[in-house]
Structure formats: structure tokens, C-alpha cells
1. Restricting to DSSP H runs of at least four residues, report the calculated mean residue ellipticity at 222 nm for the protein assembly as shown, -39500 (n - 2.57) per run over all residues, nearest 500 deg cm²/dmol.
2. Roughly how crowded by other chains is peptide A:8-15, in terms of the mean Cβ count from those chains within 10 Å of each of its Cβ atoms?
3. Treating the Cα atoms of the range A:171-217 as identical point scatterers in vacuum, please give the log10 of the normalised Debye intensity I(q)/I(0) at q = 0.23, 0.24, 0.31 Å⁻¹, two decimals.
4. How would you order B:252-261, B:265-274 from highest to lowest mean count of nearby Cβ atoms within 10 Å?
5. Placing one identical point scatterer on every Cα of the range B:219-291 and ignoring solvent, what is log10 I(q)/I(0) from the Debye formula at q = 0.15, 0.27 Å⁻¹?
6. Please report the Cα spread of the range A:116-188 along all three principal axes, rounded to whole Å, starting with the longest.
7. May I ask you to list, by number, the DSSP H helices of chain A whose Cα span along the axis is at least 15 Å and whose average Kyte-Doolittle hydropathy reaches 0.5 or more?
8. For chain B, what relative contact order do you get, as a whole percent, if you take Cα pairs closer than 8 Å and at least 6 residues apart?
Amino acid sequence: MPHYLKVELLRMARNKRYVIFVVAFPVAFYLLYSNLWGSQVDSTTGVRASVILMVSMGAYGALAASMMSTAVPWSQERHSGWLRQLQITPLPRWSIIVVKLVASLLLVLPALLLVGLAAVLTQHVSLTAGEWVALILTMWAGTIPFAALGLTIGSLLPPDTAQPVAMIGMFGLALLGGLWFPVEIMPSAMRSIAQVLPSYDYANVGWRIVAGQAPRAGEVAGLLAWTAGLGALALIAYRRATVRD
Amino acid sequence: MNAIAFTAVSKSYGGVLAVDGLDLEVPAGSTVALLGPNGAGKSTSINMLLGLLKPTSGDIRVFGATPHEAVARGEVGAMLQEGTLIPELTVAETVDFIRRLYPEPLPLAEILRLADLTDLAGRRADRLSGGQTQRVRFALAIAGAPRLLLLDEPTAAMDVESRRAFWDNMRSYASQGRTILFATHYLEEADENSDRVVVVARGRVVADGTAAEIKASVAGHAVSFRLGGQSMAGLDALPGATGVEVQGGRVTLRTSDPDATIEALYRKTTLDVRDLQVHGADLEDAFIALTKEI
């Protein structure tokens, strides 16, 4: 299992699409946006935009990493016969999904950490040690529902459909969750959709932490409910995808 | 001990019977060819041996255990018909990954040597040719040092040269006392690379034996001559004759004893025999005769 995990990480690190979309994009957009608007200050919380953007871009990178490392690779493995190759080895049946989930958790770390590092180095963002730990841990664990969504897509759809669905899902969640534009400037219909999405709760928890506030119970509950729901869906879909008849 | 035992195994897909009451035993240490046309149930049988498909009825044992248990113990390796590799991994990384999933794998260097991959060890899977990919898939099949190796039309995508090399590699693996079952629709492959040929058609075993025995089992020879407008009555009663066919004024007599048939043809009939030819049966004829739709 540890060797399987290593192999999964190695192949994603060599995947150009992962490196560009998931590691380079969020860092580059952070640098661009924070140079444009970084010094603006949020009137209600007094937090600088460079700090808010750090959470937004870190959240985007983590969300993208968790979905990119799961949906399409897993769908391709099922359809190319690689799953069968693994099924005829002594590898236990449930190891694939466990390894994919753990690998996805590790693969979100570069995006999260590099955006944070860019914020510290270029915008001199400073948080207390407790805030850093809380922020990184919640933003890290908060990617589980997105990885579960990616695994569900990968289990249910063939690669040529999984690719656009994962892309639309990823950008839709990022956009509507307020990671690219504040939810407040959206039309009210869009805003009511945004507020039930896991990406909205996910980013909000991060924004509260950098504003020195405790995350609200509703946001945490929303994120946990999405984690449980999408997690269950991922297990059912995986079971269906690996069944032997 | 039997490496493989099928007992009255049937498998149907939505009402279509792919395997129809298959009984087959393969003793450990033998190399058996499963020979049959497309759709004969070869792949379905192999997939059931691997636990990838469940039989609709009947029982399958691999070294006395269920296919699932045998796979979990690392006793079975297989090269299935289709299968690509992980594009971002090198040959050595891919083979090493799979071999580590088995309890007692072969050393990496030995696997690469047995599959002629030593020179390609560092190449990424997405830069391999079709034939090279097949070699890697063979390497994955033997990586865990399985006692039973299943090969499902392993040379389908190979050119003549690669085929020869492939069977050489297979034989050197087999020579270590392992059991091998391979599916093929190439008669020559079955003849040259196995101790025993099991001919399957429509999901059933239609012949089972050495290649020579199978050739002998279908009326060994044929005698043909130009019949013209003459009557063919009584030809099927000639000594040795097992069948008569007429096509375009030419009659073909299938016979188990061509000498007796020809002698009687001249002595006991009044036919004007022209342009006589005697054909020895080859495995191709045997195969066609055995697998012909009834």
C-alpha cells in the first residue's frame, strides 16, 4: 500500500495538466490579483484583500487538485483495463479507493502551501501560529468532499464524459462558491445556489479563520454534511465500478 | 494436483450462452492451448478463472481453491486481451509496482530479462510501441511468479518476429514447472507451443488431446477426383470412407484409410477416375471440421 501510494503521487507529479492547472494556476493568479487589489481592505472585518485572496486561491487550488487527481485518472484506469490488471493481483478490493483518497489529500498540499508561501513572501501576510495551523488543517481536510465527488465521477462516467463533467464541476464549484468573485456581487438567484454548495462553506471557513473569527456552525455543518453525502456516494459508485459479475 | 478444474460450468449473458457446460481439468505443470474461433467462450472462461466473472452455474477450482482465493494468494497471473499501462510510469516502475503486490515475486531484473525488457526499463509507458507494450503486459503477468499463468490471445497485436520471441519467453517461464493456459485462434501457435490442445466451440470442449491426436480424430485424409456426370452412389460405402462431398463436378471423399479407399475405388467401382488427389489432413482441416456450425 505505501508503495502504491508512492506510485500514484509519482504519476500525478509527472502529469503536466495537474502541475499547470493545480499548482501553477492558483499561485500565478494569486500573484496577479494580489498585485492588483491586494492592499484593499474589507470594510466589515478589516482584513486585507491579499489575505482573503490567499484563502480563495488556496481553496481553488486545493479543490482543483482533489478533483483533477481523482475523476479523470480513475475513469481512464477503469476503461483502459488497468483496473482489471489490479483486480487480478492480490491487492485487496478496497485499497484502490483508499489509496486514491490519501493520494488526493497529499496532492492538494502543494497548491495550499505554495499559495500560502507566495502570500507570505510577496504580500507579507502574517497570521498567528494558531491561525496558520487551523487554516491549513481545515482547508486540507475540507477537500475530502471534492475528492469524493471526483471519485464518484470517475466511477460512474467514461473518460470522455468524466473529463468535461469534472472540469465543469470544478470551475462551477469554484466560481459559484465565491472563490473567484465575492458571492455578494452575484445576482440573488445565483447567490442562493452558491450558499448551499460545499465550496462556499469550504472557503467561508477559511475566510473566518483569517479574520480571527470562529467558523459558524452552519458552515461547518454544511461541509460535514457534504462530506458524508459525497463520501457515501463515492463508496456506492466505487462498489458498482469494481463489481465482478 | 489439478491447477484448473471446471465442472459443468455455464455462463450466460442476458440469455446468450457463452460457456455451455464446460468440463476441463488441467494438471499442474502442463501447457495447454485453448483453441477456438472468436466467440467460442475462451475469454469468458479465462475471466471466470480469474474471478472477474462469476459462472452462472457449475464450479471452478484453481489449485483446489476458488478463483478469488487463488488470485488473493498470488497464485495466478494473467495477460488479458486488452489493457493499457499508466502513461506516466516507466517500464521498471510499472513492473516493480505490480510485483510488490505479490507475496513471493520474481526479482525485478529477472522479470525484465524474461520479457526482453532490460533495455527498455527506463522508458515511459506512453513512449512504447504496441509490441513493447505487450511485452510489458507479459512481464506484469509473470511478475508475481504465479504458479498458473493465463494468456488470452497474447500475440494478437504482434508481428511475426515478436510472436516468435514471445513464445520463446513463454516457454522459458513454463520450463520452471509452471502451469500455462493460453487462448488462441491460431492453429500453429496451439500446435507449436502446447503439450495439449483443447478445442472449444460454442462454449463447449469439442476435442481434447495432443495436436497429433486431434488431427487423427477427424477423418485423417481426403481423396478427391473429377466425377463429371457420373453417379456418386455407393462412394460412402467404400472402405475407410467417412464422408462424401461434391463440389463443381469434383468429389471429395473423407477417409481414415486412403490406401484402402483408393484401391476399392479402382477395383470395386466402374467409375472413370480422373485427376486423383490425396490430401493429408492438417490441423487447419481438423479445426474447421471440429468447430463448424452444426
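Bear in mind that the values in this text are calculations on the coordinates, not laboratory data. Predicted, not measured: the structure shown is a model, and the values here were computed from it. Don't worry about glycine lacking a Cβ; one is built from the backbone with ideal geometry, like all the others, and counts go over all protein chains shown.
1. Only helices count here, giving -15500 deg cm²/dmol.
2. Per residue, the number of nearby Cβ atoms from other chains is 3 on average.
3. Calculated log10 I(q)/I(0) at the listed q: -0.77, -0.82, -1.11.
4. With the highest mean Cβ count within 10 Å placed first, the list reads B:252-261, B:265-274.
5. The Debye formula, applied to the Cα set alone, gives -0.45, -1.36.
6. The Cα atoms of the range A:116-188 stretch 45, 30, 22 Å along the principal axes, largest first.
7. Membrane-span-like by this criterion, though nothing is claimed about a membrane: A:25-37, A:49-68, A:95-107, A:109-123, A:129-141, A:144-156, A:159-176, A:217-242.
8. The normalised contact order for chain B reaches 20 percent.
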